[in-house]
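Comments concern the structure below.
The values are calculated or read from the model by the stated rules, or taken from the named source; none is laboratory data. Treat the numbers as computed from the prediction; the structure is a model and nothing was measured. Reconstructed Cβ throughout: ideal geometry from the backbone, glycine too, with neighbour counts over all protein chains shown. For accessibility, only protein heavy atoms count, side chains too; no ligands or nucleic acids. Shrake-Rupley method; radii C 1.70, N 1.55, O 1.52, S 1.80 Å.
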Amino acid sequence: MSDTIEKIKCLIIGSGPAGYTAAIYAARADMNPVLYTGLEPGGQLTTTTEVDNFPGYPDGVDGPTMMMQLQKQAERFGTQVRIGMATAVDFSKEVGGWHKVTIDGSKEVLAHTIIISTGATAKYLGLPSEQRLRGGGVSACAVCDGFFYRGQDVAIVGAGDTAAEEATYLANICKNVTMLVRKDHMRASKAMQHRVQNTPNLTVLYNTEVDEVLGDQVVEGLRVVNNQTGDKQEIAVTGLFVAIGHKPNTDIFKDQLEMDETGYLITQPKTTKTNLPGVFAAGDVQDKDYRQAITAAGSGCMAALDAERYLGELGSH
């Protein structure tokens with residue numbers, strides 16, 4: 001092993017609420033953590049204008065500001081925050097072994113413990129108007145942003161259980177909800193379909209896709225198209241929620257870490273431990289159910305504590 005390769009006690013990959021919280025706990029435990037931010041420093045919250053549901057911010061906080069504050073807090077205790085992206089990994093299967101991580105395709109580092117907090121990326125429709133109005137009425141999280149549209153007319157795109165659940169959630173706080181389903185049926189379970197059908201202010205349009213999101217600065221409506229007839233119509237809404245799934249950022253961990261059929265990392269129950277010793281996963285990269293900043297932060301705390309105990313057990317032997 002070359003002495004020129006940097007050796008790190010705790011390496012954190014990813015910089016959202018999970019990564020920064022893990023860094024705070026790891027730094028306070030004298031683990032000298034090094035955190036690489038990835039391509040999107042701060043994670044998904046940097047695309048969110050207002051965060052109102054994170055404890056401790058009675059007046060709310062915008063996402064980028066919150067992430068900057070978390071970074072400063074981590075750095076205050078000694079975390080080294082570095083701009084860079086993990087591009088390859090070679091994990092050890094041995095207890096106490098060194099895990100090798102390649103940064104930006106060239107720099108190699110060795111770490112005794114790895115905390116993976118690379119998150120998941122929301123899938124969008126890919127329309128230029130949709131991307132332009134993200135944060136201006138286009139959202140991929142109804143639970144996060146639905147409150148801002150209380151009493152208003154909104155639309156949601158999707159056909160699975162998540163879309164159905166978010167549609168009924170929105171129906172509880174919004175005036176009217178229009179659900180756009182691309183096919184002539186929903187993929188959601190029968191129970192969720194019944195819930196949608198029994199919600200009076202929720203309308204489902206089948207064989208319908210978004211052709212254009214209307215509005216200059218904020219969403220003012222949608223132009224939708226029936227993909228069977230080609231007929232187009234405009235719908236007046238102030239918010240568009242996209243619920244067509246998330247993709248966990250786990251491609252570089254394939255064939256080394258256990259993951260489910262959709263790519264989410266599998267952790268041991270009530271822990272953040274993966275199938276390899278010294279490798280832990282926190283946040284949306286292993287959580288497809290909640291996907292909230294507060295749950296990500298909580299699992300980041302767990303990962304740092306798990307890593308600290310792992311290093312403690314190594315030291316005792």
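Can you classify the chain as rounded, prolate or oblate using the Cα gyration tensor, where a ≥ b ≥ c are the square roots of its eigenvalues, rounded means a/c under 1.5, and otherwise it's prolate if a/b beats b/c and oblate if not?
Taking the square roots of the gyration eigenvalues as a ≥ b ≥ c, the chain is prolate.
On a straight-distance basis, which lysines could pair with Lys254 in a cross-link, Cα separation under 18 angstrom, same-chain partners fewer than 8 positions away excluded?
Filter leaves Lys93, Lys100, Lys273, Lys288.
Could you compute the FRET efficiency for Gln217 and Thr262, with r as their C-beta to C-beta distance and R0 at 41 Å, rounded to 0.05? All intermediate terms of the calculation are to be shown ahead of the outcome.
Working: r = 35 Å, r/R0 = 0.85.
Working from the Cβ atoms, E equals 0.70.
Taking the Cα centre of the chain as the origin and placing charges on Cβ (Lys, Arg +1; Asp, Glu -1), which of Gln71, Gly298, Ala171 is farthest toward the positive end of the dipole?
After comparing all options, I get Gly298.
How about the chain: what cysteines have no other cysteine beta carbon under 4.7 Å from their own?
Cys10, Cys174, Cys301
Just subtract the alpha-carbon distance of Asp184 and Ala236 from 0.36 nm times their residue separation and send over the number in nm, one decimal.
16.4 nm
Between 0 and 90 degrees, rounded to the nearest ten: what's the tilt of helix 293-316 against the longest Cα principal axis of the chain?
Orientation of helix 293-316: about 20 degrees from the principal axis.
Can you work out the FRET efficiency for the pair Gln73 and Leu39, with r the C-beta to C-beta distance and R0 = 25 Å, to the nearest 0.05?
0.65
Could you check the simple spin-label distance between Asp52 and Asn201, using points 7 Å along Cα→Cβ, in nm with one decimal?
Distance between the two pseudo-spin positions: 1.5 nm.
Can you give me the C-alpha center-to-center distance between segment 201-268 and segment 282-317, rounded to a whole angstrom?
Between the Cα centres of segment 201-268 and segment 282-317 lies a distance of 29 Å.
I need the chymotrypsin sites (Phe, Trp or Tyr not before Pro) found in segment 10-85, filtered to DSSP loop residues with at most 16 other beta carbons within 10 Å of theirs.
Phe77
Quick one: check the C-alpha center-to-center distance for segment 163-179 versus segment 83-161, whole angstrom.
24 Å
Could you give the length gained by full extension between Thr271 and Gln228, i.e. 0.36 nm per residue of separation minus their alpha carbon distance, to one decimal place?
That works out to 10.7 nm of additional length.
Taking a virtual spin label 7 Å from the Cα of Glu209 along the C-beta vector, which residues in segment 182-196 bring their backbone nitrogen under 18 Å of it?
Those under the cut-off are 182-187.
Mind checking the per residue accessible area of the chain for me, 1.4 Å probe, whole number of Å²?
Spelled out: the 1.4 Å probe surface of the chain, per residue, equals 49 Å².
Which value, in debye to the nearest 20, describes the size of the charge dipole of segment 184-317 about its Cα centre when Lys and Arg Cβ atoms bear +1, Asp and Glu Cβ atoms bear -1, and nothing else is charged?
With Lys and Arg at +1 and Asp and Glu at -1, about 460 debye.
What do you get for the angle between helix 17-28 and the principal long axis of the chain? Use alpha-carbon atoms, 0 to 90 degrees, nearest ten.
20 degrees
With +1 on each Lys and Arg Cβ and -1 on each Asp and Glu Cβ, how big is the dipole of segment 48-140 about its Cα centre, in debye rounded to the nearest 20?
220 debye
About the Cα centre, and with charges only on the beta carbon of Lys, Arg (+1) and Asp, Glu (-1), how big is the dipole of the chain? Nearest 20 debye, please.
Around 360 debye, computed over the chain.
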